[in-house]
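These notes concern the structure reproduced below.
The values are calculated or read from the model by the stated rules, or taken from the named source; none is laboratory data. Everything numeric in this text was worked out from a predicted model, so none of it was measured. For neighbour counting, all protein chains shown are included, and Cβ atoms are generated from backbone atoms with ideal geometry for every residue, glycine included. Accessible surface areas use protein heavy atoms only, side chains included; no ligands, DNA or RNA. Shrake-Rupley method; radii C 1.70, N 1.55, O 1.52, S 1.80 Å.
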Amino acid sequence: MVALRNIAVFASGRGSNFSAILDKVQTGVISARIVCVVSECEHPPVFDVARAAGIPVYSLNRRQYTAPEEYAAALLQLLERHNTDLILLAGYLKLIPSPVVRKFPHAIVNIHPALLPNFGGQGFFGMKVHEAVIASGVKVTGVTIHFVDEKYDNGAIICQEQVAVLPGDTPESLAHRVLEVEHRLYPEVVQALCEDKIKMIDRKVVWNK
Ligand code: GRF
């Protein structure tokens with residue numbers, strides 16, 4: 001029997017991925033606790049969803065601290081206070097400070113609404129990703145879930161799923177279909193992580209069935 005994982009979610013938007021994961025935790029599909037939601041924004045909509053579920057929320061912003069080290073220390077202190085095992089980024093736009101990345105090796109995960117390494121990196125977030133996908137003329141986009149390292153959208157890829165770009169797609173219509181895949185895939189990956197089915201071997205992600 002695998003011990004129940006303590007998950008911290010970092011999110012700054014509406015929190016639809018957070019809600020999809022929360023639902024699977026609440027229904028017992030994912031054996032974990034969501035211990036807190038962290039944002040760099042003051043009042044993101046995701047906080048309302050978390051509060052309604054009785055999950056503590058924290059707004060921590062780099063600008064509140066005089067030095068980057070102090071900000072990283074505050075984040076680490078918060079994560080340690082909640083005995084965090086796993087950090088999930090779900091619409092979190094800031095780079096995770098290096099001390100936090102080092103403290104949680106292969107225990108920080110991000111979801112990106114395109115097929116990395118394309119349409120990723122700094123500045124590629126939200127609707128900008130889908131706008132760039134449509135402008136480029138590619139016929140296939142998708143979802144990438146990956147471990148987080150010290151660069152934007154760069155860590156080892158855990159899984160990817162394709163979504164076709166259809167003639168007449170707008171960024172909004174494409175975002176809608178990509179998001180449907182995100183809501184299915186992210187909880188599946190979190191479940192696999194909580195069941196110890198995902199390992200790193202030779203810097204590649206391997207799934208144990
Ligand atoms: C998703 O498209 C996710 O891939 C990206 O940010 C968006 C967050 O949406 N990282 P939501 O706040 O989970 O609804």
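Percent relative contact order of the chain, based on C-alpha pairs within less than 8 angstrom and at least six residues apart?
20 percent
Taking the alpha-carbon distance from residue 209 and a cut-off under 20 Å, which aspartates and glutamates remain once sequence neighbours fewer than 8 residues away in the same chain are dropped?
Answer for residue 209, where 20 Å is the Cα cut-off: 161, 188, 195, 196, listed by chain and number.
Taking a ≥ b ≥ c as the square roots of the Cα gyration tensor eigenvalues, with a/c under 1.5 meaning rounded and otherwise prolate when a/b beats b/c, else oblate, which class fits the stretch 1-50?
prolate
Let's test the formula: R0 of 25 Å, r as the Cβ-Cβ distance of residue 42 and residue 102. What FRET efficiency results, to the nearest 0.05?
For residue 42 and residue 102, the calculated efficiency is 0.35.
What Kirkwood radius, in Å to one decimal, follows from the Cα pairs of the chain?
Hydrodynamic radius (Kirkwood, Cα only) of the chain equals 17.5 Å.
Please get the size of the charge dipole for the stretch 132-194, origin at its Cα centre, with Cβ charges of +1 on Lys and Arg and -1 on Asp and Glu, quoted in debye to the nearest 20.
In debye, rounded to 20, the stretch 132-194 gives about 160.
Could you state the principal axis extents of the C-alpha atoms in the stretch 1-121, from the largest down, to the nearest angstrom?
Principal extents (largest minus smallest coordinate, Cα): 42, 36, 31 Å.
Once label points are set 7 Å from the Cα along Cα→Cβ at both residue 180 and residue 66, what is their separation, rounded to one decimal in nm?
5.3 nm
Using +1 on the beta carbon of Lys and Arg, -1 on that of Asp and Glu, and nothing else charged, what's the dipole of the stretch 34-92 about the Cα centre, debye to 20?
The dipole of the stretch 34-92 has a size of about 100 debye.
What residue among 140, 129, 46 has the largest mean-square fluctuation in a Gaussian network model of the chain, using Cα springs under 10 Å?
Residue with maximal mean-square fluctuation among 140, 129, 46: 140.
What would the Debye formula give as log10 I(q)/I(0) at q = 0.25 Å⁻¹ for the alpha-carbon point model of the stretch 126-185, no solvent?
For the stretch 126-185, the Cα-only Debye profile gives -1.07.
Once Lys and Arg get +1 and Asp and Glu get -1 on their Cβ, which of 137, 11, 21 lies farthest toward the positive end of the dipole of the chain?
21
Which residue fluctuates most in the GNM of the chain (Cα springs below 10 Å): 167, 113, 45?
Sorting by GNM fluctuation, first place goes to 167.
With both bridge residues required to lie in the chain, what share of the DSSP beta bridges run antiparallel, to the nearest 5%?
Within the chain, antiparallel bridges account for around 50 percent of the total.
Lysines within cross-link reach of residue 139: Cα-Cα under 25 Å, excluding same-chain residues under 8 positions apart?
Cross-link targets: 128.
For the chain, find the longest principal axis of its Cα atoms and tell me its angle to the long axis of helix 16-26, 0 to 90°, nearest 10.
Rounded to the nearest ten degrees, it is 60.
Compute the angle between helix 127-136 and the longest alpha-carbon principal axis of the chain, please, reported from 0 to 90 degrees and rounded to the nearest 10.
30 degrees
Just the projected area, averaged over all directions, of the convex hull on the alpha carbon atoms of the stretch 62-185: how many nm²?
8.0 nm²
Normalised by the number of residues in the stretch 91-209, what is the relative contact order in percent for Cα pairs under 8 Å and 6+ residues apart?
The value is 24 percent.
Return one number: the angle in degrees, 0 to 90 and rounded to the nearest 10, between the long axis of the Cα atoms of helix 68-81 and the longest principal axis of the Cα atoms of the chain.
The answer is roughly 70 degrees.
Under unit Cβ charges (Lys, Arg +1; Asp, Glu -1), what dipole magnitude, rounded to 20 debye, does the chain have relative to its Cα centre?
It comes to approximately 300 debye.
Can you sort 209, 197, 103 by solvent-accessible area, 1.4 Å probe, largest first?
In descending accessible area the options line up as 209, 103, 197.
Order 57-70, 8-21 from most to least packed using the mean count of other Cβ atoms within 10 Å.
8-21, 57-70
Of 73, 54, 83, which is farthest along the charge dipole of the stretch 19-91 in the positive direction, counting Lys and Arg as +1 and Asp and Glu as -1 at C-beta?
Sorting the options by dipole projection puts first 54.
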